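Accompanying notes for the structure given below.
Since every read-out is calculated from the coordinates, none of them should be taken as a lab result. Source: prediction; values computed, not measured. As a convention, Cβ positions derive from the backbone with ideal geometry for all residues, glycine included, and neighbour counts pool all protein chains shown.
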Amino acid sequence: MIRVGVVGVGAMGSHHTRVFSELEGCDLVGVHDIDAARAAQVARKADVRAFDDLADLLDEVDAVAVAVPTPEHLSIGLRCIEQGCDTLIEKPLAPSLEEADALIAAAEEKGRILQVGHIERYNPAVAAMTERVERPGFIEVDRLGSLVPRSLETDVVLDLMIHDIDIIHSLVNDEVIEIRAVGVPILTEAIDFANARLEFAGGCIANLTASRVSVNRIRKVRLFQPEAYLSVDYTAQTVDHYRLLRTDGKPSGIETDRIDASGEEPLLRQLRDFVACCTDRRQPLADAHSARQALATAFDILAAIEARLG
């Protein structure tokens with residue numbers, strides 16, 4: 001049994017605690033948060049211990065999920081890794097590439113698993129889509145939602161769009177050669193709405209829109225490739241697959257197939273992978289190097305937005 005703990009039990013960390021408490025193959029030892037009252041409340045609900053001192057928790061566990069604010073990822077992540085814990089850090093991995101590199105280097109030096117909370121990697125609909133992707137030519141992504149009182153220390157690119165940047169990099173194994181982007185601060189001083197157009201060396205174009213000022217919650221991607229079109233709803237966990245039919249070698253119609261991939265919660269699949277990686281000593285699906293690649297592209301998008309804003 002892998003002994004696990006959760007560091008930071010706000011909105012996301014409380015969900016980690018809930019899932020770990022029900023997950024086979026691990027023993028949830030306890031939680032830690034700088035808000036002792038919050039930690040006690042979450043711990044009581046999960047029937048585990050709330051640790052006042054982070055070092056005491058790290059002494060009792062083999063692995064931790066870190067769900068603290070992004071600016072604290074480096075300091076907390078390094079403490080966990082250096083104390084010998086396999087570590088899952090919520091996205092984005094770090095607020096800078098230098099800090100991301102420091103976390104990756106520490107994990108490699110200590111021989112620790114370092115997973116990043118790119119939860120859409122574990123969405124069953126994304127898995128179903130990935131199996132059907134061959135040569136994407138154009139990808140359109142919409143990730144729209146309303147403002148929530150979390151992650152406001154980061155802009156919408158690092159808060160929301162980075163999920164889709166990560167997915168696109170997993171689908172298009174190619175170099176980004178051009179980025180055009182626009183962003184607008186609306187309800188906060190950070191960028192609350194952003195649109196980015198990525199051009200890859202092989203010709204694929206990806207158009208991403210992310211907003212945290214929308215009334216309706218939308219999580220969708222459309223992917224076009226030769227003789228096929230995929231439409232994915234992340235929330236409903238469905239994939240509509242449209243394929244060109246041929247008769248005697250000539251186009252004769254369109255075949256439509258709806259895949260209902262709904263079932264398991266993505267966070268459950270993510271934490272199960274984490275526990276399995278800690279047990280088997282293998283790299284997770286959402287590994288730190290792919291997270292760094294998504295982070296680098298996110299910073300390039302932000303640079304393009306800043307250049308446009310002047």
- Under Karplus coefficients 6.51, -1.76 and 1.60, residue-wise ³J(HN,Hα) of the range 50-67 in Hz, glycine/proline x: 9, 8, 6, 10, 4, 4, 5, 5, 5, 5, 9, 10, 9, 8, 9, 9, 9, 10
- Would you pull out the residues with amide H under 5 Å of Val68's amide H, same chain only if 5 or more places away, H placed 1.01 Å from N? Glu90
- Per residue, the convex hull volume that the Cα atoms of the range 2-112 enclose (Å³): 83
- Note on the structure: Residue-ordered couplings for the range 108-125, obtained by feeding phi - 60° into the Karplus form 6.51 cos²θ - 1.76 cosθ + 1.60 and rounding to whole Hz (Gly and Pro as x), are 5, 5, 8, x, 9, 5, 10, 10, 10, x, 7, 5, 5, 4, 9, 6, x, 5
- Query: Taking Cα pairs under 8 Å and at least six residues apart, what relative contact order does the chain come out at, in percent?
  - Reply: 18
- Note on the structure: Ranked on Cβ counts within 10 Å of their own Cβ, fewest leading, Ser146, Ser14 go Ser146, Ser14
- Message: Need one number: % antiparallel among DSSP beta bridges in the chain, to the nearest 5.
- Response: 60
- Query: Which residues make up the longest stretch of the chain that has no GluC sites (Glu not before Pro) in a DSSP loop with at most 11 other Cβ atoms within 10 Å?
  - Reply: 190-310
- Fraction of the pair-distance distribution of the range 16-68 above 15 Å, Cα-Cα pairs, percent: 41
- Projected area averaged over orientations for the chain, convex hull of C-alpha atoms, nm²: 17.2
- Query: What is the spin-label model distance, in nm, from Arg308 to Val182 if the labels are put 7 Å beyond Cα along the C-beta direction?
  - Reply: 0.6
- Provide the gained length on full extension for the span Arg44 to Ile218, in nm with one decimal, where the gain is 0.36 nm per separating residue minus the Cα-Cα distance. 59.2 nm
- Helix axis angle, 73-82 relative to the chain longest principal axis, alpha carbon, degrees: 60
- trypsin sites (Lys or Arg not before Pro) within the range 82-132: which are DSSP loop residues with at most 16 other Cβ atoms inside 10 Å? Arg132
- Item | Inter-label distance for Ala37 and Leu147, nm, one decimal - labels placed 7 Å from Cα along Cα-to-Cβ | 2.5
- Message: Under a Cβ-only charge scheme (Lys and Arg +1, Asp and Glu -1), can you give me the dipole magnitude of the chain about the Cα centre, in debye to the nearest 20?
- Response: 840
